[in-house]
Structures are given as structure tokens and as C-alpha cells.
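*Asks:* Questions regarding the structure given below will be posed in turn.
The values are calculated or read from the model by the stated rules, or taken from the named source; none is laboratory data. Predicted model only: the values in this text are computed from it and were never measured. As a convention, Cβ positions derive from the backbone with ideal geometry for all residues, glycine included, and neighbour counts pool all protein chains shown. Only protein heavy atoms, including side chains, enter the accessible area calculation; ligands, DNA and RNA are left aside. Shrake-Rupley method; radii C 1.70, N 1.55, O 1.52, S 1.80 Å.
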Amino acid sequence: MDNVPVIGVTRCSRLDDYLASIERSGARPRVLEVSESPRTVLQAVDGVLLTGGGDVDPAFYGEARHSSVEDAEPGRDEFEIDLARRAMEQDFPILAICRGAQVLNVAAGGTLVQDIPSAVPSDLAHSITQPKDTIAHAVRIASDSRLHAALGPAVDASCSCRVNSRHHQSVGTLGPKLVASATATDGVIEGIEMPDRSFCVGVQWHPENFWRTGEFRSLFEGFLEAASKK
């Protein structure tokens, strides 16, 4: 067990699939509490998984609040933004999912689209809640990205990947040093990464929901391979 990487998983209301995805890929999850010190957390884990949930308070990226914003649990924004910043600075492997990708971008100095339906002319359904593994649309993956390499067989020959989708917000202005690695046909950014880090990847969809069928197992394995080297 000493050689099994430990992944810090931010607490959210739907943890089960995240934990199963980590365990199925050969690592040990450690659920993080907002009362913990991010500095101390990074001394006890080998990688960080930023999970989904409510919206990041727009005050953290200097914008007025849109009426559709639904706050996350108290303390999550402060804890997760600090954790993400420290993890990026110290090159800890990060996999950020949905809200997590938005936290990652804000922590890196970026902004968010607060409400896709009112801000982006689009016919795509970005928020299909049930069943949670329903394919909503395809995203185009940058062929030279770490995300493309990590997704493996989930990406077809045209660099397209079919994903589920449960979000009304997305990355707006990219944080410095981050690049877009996946986009939907309406221009919504669906994947981000920091190219000069060992593994710093965010996706807007929910790959953890497919742990039983394995469509995105390669993504988790790529993340955990980086964590095992940490």
C-alpha cells in the first residue's frame, strides 16, 4: 500500500463516482474538508482532484453577480482556490472536473461565463442532468494537448470526443499560462490545461460518471500516473 498514490478529493454533495473512479484506477482517495489547511493538505497527498458543485462567487474574479449564480457550500471557494493555486505553483498533479475546472481557471487569474444560456448563442444542451451519463454533445480536443493524450480511445480520428454535460457556467477569459484544450461547437471551452506542468488538466464534463463502463478510465489513469511520480 505504501506505493499507492493518495489523491486529495474536494468534498462535494455527490462524491461516490469520484471516489470509485480513483479507486478503480489504482489510487487511494482522501476526502478533503474546507477546514483543512491547503498547505498541510499538499504535504499529505500526491495529487488533487477538484470536484463539481455550485458556482464560484464572481467576487473572486472581479465581476458583479449574475442572477443565475448558485453558491457552493460555505468555505469551498476560499479553500479550493487556495489549494489550486498552491498545487499549480508546486506542480502537483491536478484533475479538475466541471466546477473544478472553473475553480482552476479562477485560481490561475481567469474569469468565468456566469450563465451560458444568456451569454452564448447556442443550440447545444449544456445542462442535461439525468441520467448522469447521458451523452449531450461532442467536443473537439486539441490534437497536441495533454488532454488528447490522456483521453486515449475516447477521442476519435477527427479529434472529437462525446461527453455528458451538466453546467450552466464555463471558462471565460483564460488564466495566464492556461490554454484551451477542448471546445464545443458553440465555442464554449470544455477543457483547459497548463502545458508546463506535469499534469494540470480541467474538463467541463463529468468523466467520473462513467467509471462502471470505462470510457474515461484512461484520463484518470494518466492523472494517477503523474501522481505516482510525485
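*Asks:* Say we look at the stretch 120-129 and pick out the residues that are farther than 11 Å from Trp205 by Cβ and assigned to a loop (DSSP other than H, G, I, E, B); which of these is most open to solvent (accessible area, probe 1.4 Å)?
*Replies:* For the stretch 120-129, the residue satisfying everything is Asp123.
*Asks:* Return the total of residues in the stretch 59-79 being in a helix (DSSP H, G or I) and either within 19 Å of Thr173 (Cα to Cα) or hydrophobic (A, V, I, L, M, F, W, C) (or both).
*Replies:* The qualifying residues number 5.
*Asks:* Exposed (fewer than 15 other Cβ atoms within 10 Å of the Cβ) and either touching a residue at least 12 places away in the same chain (Cβ under 8 Å) or part of a helix (DSSP H, G or I) (or both) - does that describe any residue in the stretch 45-58?
*Replies:* The answer is no; no qualifying residue exists.
The rows are residues; the columns are (1) within 16 Å of the chain's Cα centre (by Cα); (2) open to solvent by less than 10 Å² (accessible area, probe 1.4 Å); (3) at pLDDT below 95.
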| residue | (1), (2), (3) |
| --- | --- |
| Ala108 | yes, no, no |
| Pro131 | no, no, yes |
| Ile135 | no, no, yes |
| Val139 | yes, yes, no |
| Ser181 | yes, yes, no |
| Gly191 | yes, yes, no |
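*Asks:* With the requirement that a residue be open to solvent by 10 Å² or more (accessible area, probe 1.4 Å), out of contact with any helix residue (DSSP H, G or I) (no Cβ under 8 Å at 6 or more places or on another chain) and assigned to a helix (DSSP H, G or I), what does the stretch 80-103 give you?
*Replies:* Listed by number, the list holds a single entry, Glu89.
*Asks:* Does Gly62 count as in contact with a Ser or Thr (Cβ under 8 Å, 6 or more places away or on another chain) and open to solvent by 10 Å² or more (accessible area, probe 1.4 Å)?
*Replies:* The answer is yes for Gly62.
*Asks:* Across the stretch 165-179, which residue is most open to solvent (accessible area, probe 1.4 Å) among those that are assigned to a loop (DSSP other than H, G, I, E, B) and within 19 Å of Asp115 (Cα to Cα)?
*Replies:* Looking at residues that are assigned to a loop (DSSP other than H, G, I, E, B) and within 19 Å of Asp115 (Cα to Cα), I get Thr173.
*Asks:* For residues that are open to solvent by 60 Å² or more (accessible area, probe 1.4 Å) and in contact (Cβ under 8 Å) with a residue 24 or more places away in the chain, scanning just the stretch 145-164, find the one that is farthest from Ile189 (Cα to Cα).
*Replies:* The extreme case among them is Pro153.
*Asks:* Search the stretch 84-100 for residues that are under 22 Å from Arg14 (Cβ atoms) and pair each with any residue that is of a type in the set (Asp, Glu) and surrounded by fewer than 20 Cβ atoms within 10 Å (Cβ to Cβ) when their beta-carbon atoms are under 8 Å apart and the residues are at least 6 apart or on different chains.
*Replies:* none
*Asks:* Tell me yes or no: at least one residue of the stretch 136-144 is touching a residue at least 24 places away in the same chain (Cβ under 8 Å), in a helix (DSSP H, G or I), out of contact with any Asp or Glu (no Cβ under 9 Å at 6 or more places or on another chain) and under 24 Å from Val56 (Cα atoms).
*Replies:* No, because not a single residue in the stretch 136-144 is touching a residue at least 24 places away in the same chain (Cβ under 8 Å), in a helix (DSSP H, G or I), out of contact with any Asp or Glu (no Cβ under 9 Å at 6 or more places or on another chain) and under 24 Å from Val56 (Cα atoms).
*Asks:* If you don't mind, another one. Residue by residue through the stretch 1-33, note down the ones that are open to solvent by less than 20 Å² (accessible area, probe 1.4 Å), among the hydrophobic types (A, V, I, L, M, F, W, C) and assigned to a helix (DSSP H, G or I).
*Replies:* Of everything in the stretch 1-33, those that are open to solvent by less than 20 Å² (accessible area, probe 1.4 Å), among the hydrophobic types (A, V, I, L, M, F, W, C) and assigned to a helix (DSSP H, G or I) turn out to be Ala20, Ile22.
*Asks:* All but one of (1) more than 29 Å from Phe60 (Cβ to Cβ); (2) part of a helix (DSSP H, G or I); (3) not small (Gly, Ala, Ser) hold for Arg162; which doesn't?
*Replies:* Going through (1) more than 29 Å from Phe60 (Cβ to Cβ); (2) part of a helix (DSSP H, G or I); (3) not small (Gly, Ala, Ser) one by one, Arg162 breaks only (2).
*Asks:* While we're looking at this one, here's another question. Please verify whether Ile128 is touching a Ser or Thr at 6+ places or on another chain (Cβ under 7 Å) and either touching a residue at least 24 places away in the same chain (Cβ under 8 Å) or β-branched (Val, Ile, Thr) (or both), treating the condition exactly as stated.
*Replies:* Yes; evaluated as a whole, the condition is true for this residue.
*Asks:* Looking only at the stretch 99-131, count how many residues are touching an Asp or Glu at 6+ places or on another chain (Cβ under 8 Å) and more than 29 Å from Asp82 (Cβ to Cβ).
*Replies:* 5
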